[in-house]
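**Q** Take this structure first; my questions come after.
The values are calculated or read from the model by the stated rules, or taken from the named source; none is laboratory data. A quick note: this is a predicted structure, and the numbers were derived from the prediction, not measured. Cβ placement follows ideal geometry from the backbone for every residue including glycine, while neighbour counts extend to all protein chains displayed. Calculation scope for accessible area: heavy atoms of the full protein, side chains included, ligands and nucleic acids excluded. Shrake-Rupley method; radii C 1.70, N 1.55, O 1.52, S 1.80 Å.
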Amino acid sequence: MIGGGPAGLGAAVEAKKLGIDDVLILERDRELGGILNQCIHNGFGLQEFNEELTGPEYADRFIKQVKELGIEYKLDTMVLDITPDRKITAVNSHDGLIEIEAGAVILAMGCRERPRGAINIPGSRPAGIFTAGTAQRFANMEGYLPGKEVVILGSGDIGLIMARRFTLEGAKVKAVCEIMPYSSGLKRNIVQCLDDFGIPLLLRHTVVRIHGKDRVEGVTIAEVDDKKEPIPGTEKYIPCDTLLLSVGLIPENELSKKAGVILDKNTGGAYVWDDRETTTPGIFACGNVLQVHDLVDNVTDESRIAAQGAVRFLKEGEKTEPQPININPGDGVRYVVPQRVKKSRVEGAFKMFLRVTDVYENAKLVVDSDKGRLFAINKRRLSPGEMEYINVTQRLLNRFPDIREITIKVERG
Amino acid sequence: MQERYITCILCPQGCNLKVQIDDGKIVSVKNNGCEKGPGYANDEVFHPTRVLTTTVRIRKAKLPLLPVRTQKPIPKGKIFEAMKVLAGIEVEAPVTVGQVIYSNILNTGVDVIATRNMN
């Protein structure tokens with residue numbers, strides 16, 4: 001496992017339980033658990049444990065299992081390279097340079113936050129601009145509150161969570177600006193992190209200028225039109241000492257590329273089979289390195305799928321799928337994971353994860369094949385901020401002989 | 001008859017509950033996706049509660065902060081007061097997950113527990 005966050009931990013535990021003795025987790029941080037360690041808020045584990053846990057508690061459940069099962073892990077260890085034939089080069093200060101020949105590799109490196117540079121805000125370069133996750137680590141683990149008067153750009157879940165965190169710690173969060181007409185965060189977070197504290201969520205607004213030389217002194221915000229262009233005359237100055245960015249997450253795939261893994265431009269993650277095998281045989285991917293999830297419970301779910309795939313690869317070796325089916329995003333669908341299915345290997349059912357491109361009320365998710373319609377599901381509401389899951393049973397796949405393509409689209413009304 | 005919309009926060013589904021209140025009582029709850037909806041609506045209308053998650057100072061540990069939470073939800077109106085109480089306390093490592101860090105905060109009958117191990 002490359003990475004000891006929820007995806008790597010879940011995959012390691014599953015692989016060990018399935019009888020693989022020689023499991024190793026490589027983690028670059030000083031402890032296991034990944035980003036869960038800084039997510040001290042609750043809301044984790046409802047599906048997995050049927051109770052509401054905080055991030056560290058969720059991580060602890062898996063770390064305990066890793067220890068009980070005697071799974072080996074190396075901390076403070078940076079993986080430098082993975083080759084397509086699964087030779088891993090890593091380095092740490094105890095062992096020096098390590099080379100490992102792995103029977104199977106599970107990529108579980110997670111994602112990074114989109115930084116300021118990626119969204120091109122004009123203005124100077126003062127201190128006081130943080131990605132929301134960086135501020136979260138400072139406030140929850142390192143013991144520093146990054147500012148006292150805060151504006152947040154982007155309404156992703158981490159930004160919302162940090163709005164509440166700053167408020168509880170005595171800072172003033174003046175506004176959350178979202179360029180889209182809807183929030184990409186979960187509704188429950190808008191309620192319990194913004195509404196509870198009277199923090200305004202300004203939809204169709206963005207930051208057009210950052211002021212201040214050494215430290216942020218304020219930002220100018222403006223309303224945007226349908227093309228996301230600022231509307232002249234709507235500018236408003238807000239004094240603040242801190243700007244938090246919660247403007248998206250990007251799967252961290254530098255190592256995957258070295259391993260020859262082909263990426264899907266829609267997800268930023270690997271192009272995978274339903275068992276989470278990438279285009280490089282024996283290399284699997286799960287969690288946020290594959291697709292950015294809303295819920296850690298789904299990361300765990302996916303980590304098990306990847307581990308099961310990896311264990312099968314270890315036991316049976318490389319096999320060419322005789323009945324591959326491609327899965328394509330159609331109208332209104334931004335992406336679907338997995339991107340293809342090993343039809344001959346589907347046992348019972350498999351799950352498709354997808355995100356839509358826009359907000360739809362009372363719409364249908366339609367699953368078509370090249371041989372005919374498979375089924376449609378009515379949806380009261382679809383939103384890009386909330387991932388959708390569709391279970392596809394083996395029986396449905398057998399409804400038409402020789403299906404080669406599946407397309408999922410949104411139909412209005 | 002008064003009508004209110006309340007977003008349920010019990011799970012990520014976030015159902016938009018339609019609540020009808022008459023004579024100081026809830027007479028109907030609609031749009032709930034599960035059986036927990038009506039109970040949540042009742043709590044939210046008459047005595048809203050929240051789980052508080054925060055940190056306290058810790059000595060002799062690798063990190064300066066220990067994450068904690070209230071074991072059960074506490075009244076929403078007591079959140080800031082509870083923050084003040086917890087700002088004043090400091091614990092010493094080692095601490096194990098689930099350990100009570102502060103008992104019966106603000107006489108709510110709810111304990112504050114550690115949410116991770118810290119050596």
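**Q** Given only helices, namely DSSP H runs of n ≥ 4 each adding -39500 (n - 2.57), what is the per-residue ellipticity at 222 nm of chain A, to the nearest 500 deg cm²/dmol?
**A** Numbers: 7 runs with 74 residues, N = 413.
After summing the helix terms and dividing by the residues of chain A, the value is -5500 deg cm²/dmol.
**Q** If I take R0 = 51 Å and measure r between the Cβ atoms of A:Glu68 and B:Gln2 in this structure, what FRET efficiency does the formula 1/(1 + (r/R0)^6) give, to the nearest 0.05?
**A** Numbers: r = 53 Å, r/R0 = 1.05.
Computed FRET efficiency for A:Glu68 and B:Gln2 comes out at 0.45.
**Q** Projecting each Cα onto the charge dipole of the protein assembly as shown (Lys/Arg +1, Asp/Glu -1 at the beta carbon, about the Cα centre), which of B:Asn119, B:Ile74, A:Phe350 comes out farthest on the positive side?
**A** B:Ile74
**Q** A:Ile262 to B:Lys60: FRET efficiency via 1/(1 + (r/R0)^6), r the Cβ-Cβ distance, R0 45 Å, to the nearest 0.05? Display every interim value, and only then the final one.
**A** On the way: r = 49 Å, r/R0 = 1.09.
With R0 = 45 Å, the Cβ-Cβ based efficiency is 0.35.
**Q** A further question follows. Which whole number of Å³ per residue matches the convex hull of the alpha-carbon atoms in the stretch A:1-133? The partial results should precede the final answer.
**A** Details: hull volume 20.9 nm³, N = 133.
It comes to 157 Å³ per residue, whole-number rounded.
**Q** Please report, in debye to the nearest 20, how large the charge dipole of the protein assembly as shown is about its Cα centre when each Lys and Arg carries +1 at its beta carbon and each Asp and Glu carries -1 there. Write down the numbers at each step before the final one.
**A** On the way: 71 positive and 69 negative charges, 119 e Å.
Charge dipole of the protein assembly as shown: 580 debye, to the nearest 20.
**Q** Here's a follow-up. If I build a Gaussian network model for chain A, linking alpha-carbon pairs within less than 10 angstrom, which residue out of A:Thr267, A:Thr83, A:Thr234 has the largest mean-square fluctuation?
**A** Highest fluctuation among the options: A:Thr234.
**Q** Along the positive direction of the dipole of the stretch A:67-153 (beta-carbon charges: Lys, Arg +1; Asp, Glu -1; about the Cα centre), which of A:Ala135, A:Ile88, A:Ile152 reaches farthest?
**A** Going by the Cα projections, it comes out as A:Ile152.
**Q** Accessible area of A:Glu99, 1.4 Å probe, to the nearest 10 Å²?
**A** 140 Å²
**Q** Restricting to the protein assembly as shown, compute how many DSSP beta bridges are antiparallel as a %, nearest 5. Walk me through the intermediate numbers first.
**A** Working: 81 of 114 bridges.
Antiparallel bridges: around 70 percent, rounded to the nearest 5.
**Q** So, one more: Assign one of three labels to the stretch B:53-114, namely rounded, prolate or oblate, based on the Cα gyration tensor with a ≥ b ≥ c the square roots of its eigenvalues; rounded applies when a/c is under 1.5, prolate when it is not and a/b is larger than b/c, and oblate otherwise. Walk me through the intermediate numbers first.
**A** Values: a/c = 2.36, a/b = 1.73, b/c = 1.36.
Judged from the Cα gyration tensor, the stretch B:53-114 comes out prolate (a/c at least 1.5, a/b above b/c).
**Q** Rg/Rh for the stretch A:115-247: what does it come to with C-alpha atoms and Rh from Kirkwood? Spell out each step's value before the answer.
**A** On the way: Rg = 13.6 Å, Rh = 14.5 Å.
Rg divided by Rh gives 0.94.
**Q** Among the listed pairs A:Lys64/A:Lys265; B:Lys18/B:Lys76; A:Lys17/A:Lys342; B:Lys60/B:Lys84; A:Lys228/A:Lys371; A:Lys257/A:Lys319, which have their C-alpha atoms separated by more than 29 angstrom in this model? Present the calculation step by step, with values, prior to reporting the outcome.
**A** Working: A:Lys64/A:Lys265 36 Å; B:Lys18/B:Lys76 21 Å; A:Lys17/A:Lys342 24 Å; B:Lys60/B:Lys84 23 Å; A:Lys228/A:Lys371 40 Å; A:Lys257/A:Lys319 22 Å.
Violating the 29 Å Cα-Cα cut-off are A:Lys64/A:Lys265; A:Lys228/A:Lys371.
**Q** Given a 1.4 Å probe and heavy atoms of the protein chains only, how would you sort A:Ser93, A:Ser383, largest accessible area at the top? Provide the component values of the computation, followed by the final result.
**A** Numbers: A:Ser93 110, A:Ser383 5 Å².
The ordering from most to least exposed comes out as A:Ser93, A:Ser383.
**Q** Sticking with this one: Kindly state, to the nearest 0.05, the FRET efficiency for B:Val100 paired with A:Val91, given R0 = 41 Å and r defined as their beta-carbon distance.
**A** Values: r = 42 Å, r/R0 = 1.01.
Approximately 0.50, to the nearest 0.05.
**Q** Can you give the translational diffusion coefficient of the stretch A:241-312 in µm²/s, computed by Stokes-Einstein from the Kirkwood radius over Cα pairs at 37 °C and 0.692 mPa s?
**A** Working: Rh = 12.9 Å.
D, rounded to a whole number, is 255 µm²/s.
**Q** Roughly what would the spin-label model give for B:Ile89 and A:Leu396, points 7 Å off Cα along C-beta, in nm?
**A** Going by the 7 Å Cα→Cβ label model, 5.0 nm.
**Q** Okay, next question. Please give, to one decimal in nm, the separation of the simple spin-label points placed at B:Asn119 and B:Asn16, each 7 Å out from Cα toward the Cβ.
**A** Between B:Asn119 and B:Asn16, the simple spin-label model gives 5.0 nm.
**Q** So for the stretch B:53-114: antiparallel DSSP bridges make up what percent, rounded to the nearest 5?
**A** Numbers: 10 of 13 bridges.
Percent antiparallel among DSSP bridges in the stretch B:53-114 is about 75.
**Q** Describe numerically, in nm with one decimal, the distance between label points set 7 Å from Cα along Cα→Cβ at A:Glu169 and at B:Val27.
**A** The two pseudo-label positions are separated by 4.8 nm.
**Q** Also, quick follow-up: Over the Cα atoms of the protein assembly as shown, what Rg and Dmax result, in angstrom?
**A** 24.0, 73
**Q** Expressed as a fraction of 2.2 N^0.38 Å, the rule-of-thumb size for a compact globular protein of N residues, what is the C-alpha radius of gyration of the stretch A:313-352? Intermediate values should be presented prior to the final figure.
**A** Values: Rg = 12.5 Å, N = 40, 2.2 N^0.38 = 8.9 Å.
Expressed relative to 2.2 N^0.38 Å, the Cα Rg reads 1.40.
**Q** Accessible area of A:Tyr144, 1.4 Å probe, to the nearest 10 Å²?
**A** It works out to around 140 Å².
**Q** Limiting things to C-alpha atoms, what are the Rg and the maximum Cα-Cα separation (Dmax) for chain B, in angstroms?
**A** When restricted to Cα atoms, chain B yields Rg and Dmax of 18.0, 58 Å.
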